[in-house]
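Here is the structure we will look at, set down as structure tokens.
The values are calculated or read from the model by the stated rules, or taken from the named source; none is laboratory data. What you see is a predicted model, and the numbers here were worked out from it, not measured in a lab. Here Cβ is always computed from backbone atoms with ideal geometry, including for glycine, and neighbour counts include all displayed protein chains.
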Amino acid sequence: MNHDASLPPPPRRTGGILLLGLAVVGLAGVAFILRKPLMMSAPTCMAGRWHGCYDTFNGVVLMTLVTLPLAVLVAWVLARRRRAAGVPSAWRLSLAEVGMVHGTVPWVWMILMPGAGAGVVPGRVSLVPLRDLVTMGPLGIVGNLLVFASLGLFAPMRFAALASVPRVLALGAGCSALVESAQYVLWLDRVSSVDDVLVNAAGAALAAAASRRWWRTAERAPSDGPRPALASAG
């Protein structure tokens, strides 16, 4: 008799744990690289002052890292509720939902920060492709790649309809175009550039390709409910 055949399969938590570990390592790396400018904003942010914290890049990045434990807690609560309801892939779905929000909102906030001439200087546009890449520099290009990277990484894991790199590319381009249009319409003293849209979309597509193995496909998870067991014939 084969006793191993009667043993239940181990719980499939490896994917969620791996994703959480990668996120923690990535954020720890960002915190280490930016530790000096982040510490400059720490006193202002810890004092709860809006000016000097939430209206600066360093302050927003610092608060994003500080609120990471809260985001993990929210994901844990959602996962527990889903598992109690018998929803498959509870951790994957919960991490995807929280990751999309926590990893995208701070970047959009920074993009929509008004410049010194906000409300006075009219909106400006740059519609010649690849012209602004030269002036972005390496840091600017990396930053633009990361704007919608979390959306591209997690959206296909949550929504089966987005389990495609071209679809995520289109999603990233559409979201970026909306943000760039808002910069122009609201007179934020920022340049709305087509290169920002291209690089933002590329970052979303690259992140989607990196999470391909965890995508939620229609064949595997058409709904959140458990599948009925098939009766054996014979």
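Of the residues in the range 84-139, how many are under 25 Å from Val61 (Cα atoms) and touching a strand residue (DSSP E or B) at 6+ places or on another chain (Cβ under 8 Å)?
Residues that pass the stated criteria total 1.
Report whether or not Val121 is in contact (Cβ under 8 Å) with a residue 40 or more places away in the chain and buried (at least 16 other Cβ atoms within 10 Å of the Cβ). Full working, then the answer.
Details: in contact (Cβ under 8 Å) with a residue 40 or more places away in the chain: yes; buried (at least 16 other Cβ atoms within 10 Å of the Cβ): no.
In short, no.
If a residue counts only when it is touching a Cys at 6+ places or on another chain (Cβ under 7 Å) and surrounded by 15 or more Cβ atoms within 10 Å (Cβ to Cβ), which helices (runs of 4 or more DSSP H) contained entirely in the range 129-219 have at least 3 such residues? Walk me through how you get there before you give the answer.
On the way: elements: 133-146, 149-158, 165-185, 194-210.
Qualifying helices (runs of 4 or more DSSP H): none found.
Restricting attention to the range 64-87, does a residue exist that is surrounded by 15 or more Cβ atoms within 10 Å (Cβ to Cβ), within 22 Å of Leu188 (Cβ to Cβ) and modelled with pLDDT under 95?
yes
Please name all residue pairs, on different chains or six or more residues apart, with Cβ atoms under 8 Å, provided the first residue is in the range 46-58 and is among the charged types (D, E, K, R) and the second residue is in a loop (DSSP other than H, G, I, E, B).
From the range 46-58, the pairs are Asp55/Met113.
Taking helices (runs of 4 or more DSSP H) that do not extend beyond the range 38-114, which have at least 3 residues that are among the aromatic types (Phe, Trp, Tyr)? First the steps, then the outcome.
Values: elements: 57-66, 68-84, 90-111.
Fully inside the range 38-114 and qualifying: 90-111.
Looking at the range 3-24, is at least one residue of a type in the set (Asp, Glu), over 16 Å from the mean Cα position of the chain (by Cα) and at pLDDT 80 or above? Full working, then the answer.
Quick first cut of the range 3-24, residues of a type in the set (Asp, Glu) only: 4.
Filter once more, so that each one left must be over 16 Å from the mean Cα position of the chain (by Cα): 4.
Narrowing further to those that are at pLDDT 80 or above: none.
No; the residues of the range 3-24 include none that is of a type in the set (Asp, Glu), over 16 Å from the mean Cα position of the chain (by Cα) and at pLDDT 80 or above.
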